[in-house]
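I have placed the structure first, in the form of structure tokens, so that the comments after it can refer back to it.
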Amino acid sequence: AVEMNDDVLELLVTTFHEVRRGQTLEGVQLDRPSQGVMSTAEAVSVGLNAALFASFFADGTVTPEHVALQLGGVVAKDAREDLKVIRAYFDVAVKPRAQRAEGAWKAYFAARRLLA
């Protein structure tokens, strides 16, 4: 069985929502990637692939690192330059959250190195 904790699901959903909208929940403006990259279907794909990765290559618990690893692949598949948008998102939105709290956001920010 694979487990995805609520905090990991929250950062996945928040990432897709904010990047697609072009604005963080706090109101900070963001660059937006090419059309279609951050669709709901892509969010489901990232979650599913992170779960598969956790099942086959880890202990079955989806981590923020698994999400970041899959996010990079989804974004780069259509337009490699969109990785810059996601890296900027990590600097503008994820970093401040990681500095305020321990847990998923902190691990997610540390996983930005996986956005190849």
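For segment 2-39, name all the residues that are open to solvent by 90 Å² or more (accessible area, probe 1.4 Å) and either part of a loop (DSSP other than H, G, I, E, B) or in contact with a Lys or Arg (Cβ under 9 Å, 6 or more places away or on another chain) (or both). Passing the criteria: 20, 21, 25, 26, 31, 32, 35. So which residues in segment 70-86 are of a type in the set (A, V, I, L, M, F, W, C), more than 19 Å from residue 48 (Cα to Cα) and not in a loop (DSSP other than H, G, I, E, B)? The answer is 83, 85, 86.
In the condition set (1) within 18 Å of residue 13 (Cα to Cα); (2) surrounded by fewer than 19 Cβ atoms within 10 Å (Cβ to Cβ); (3) among the hydroxyl-bearing types (Ser, Thr, Tyr), residue 55 is compliant with all but (1).
Do any residues in segment 87-99 that are in a helix (DSSP H, G or I) have Cβ atoms under 8 Å from those of residues that are of a type outside the set (D, E, K, R) and surrounded by fewer than 14 Cβ atoms within 10 Å (Cβ to Cβ), where the two are at least six apart or on different chains, and which pairs are they? Cβ pairs passing all conditions: 92/28; 93/28.
The values are calculated or read from the model by the stated rules, or taken from the named source; none is laboratory data. Please read these numbers as outputs of a predicted model, since none were measured by experiment. Cβ coordinates were reconstructed from backbone atoms using ideal geometry, including for glycine residues, and neighbour counts include every protein chain displayed. Just so you know, the surface numbers come from the protein's heavy atoms only, side chains and all, with ligands and any DNA or RNA stripped out. Shrake-Rupley method; radii C 1.70, N 1.55, O 1.52, S 1.80 Å.
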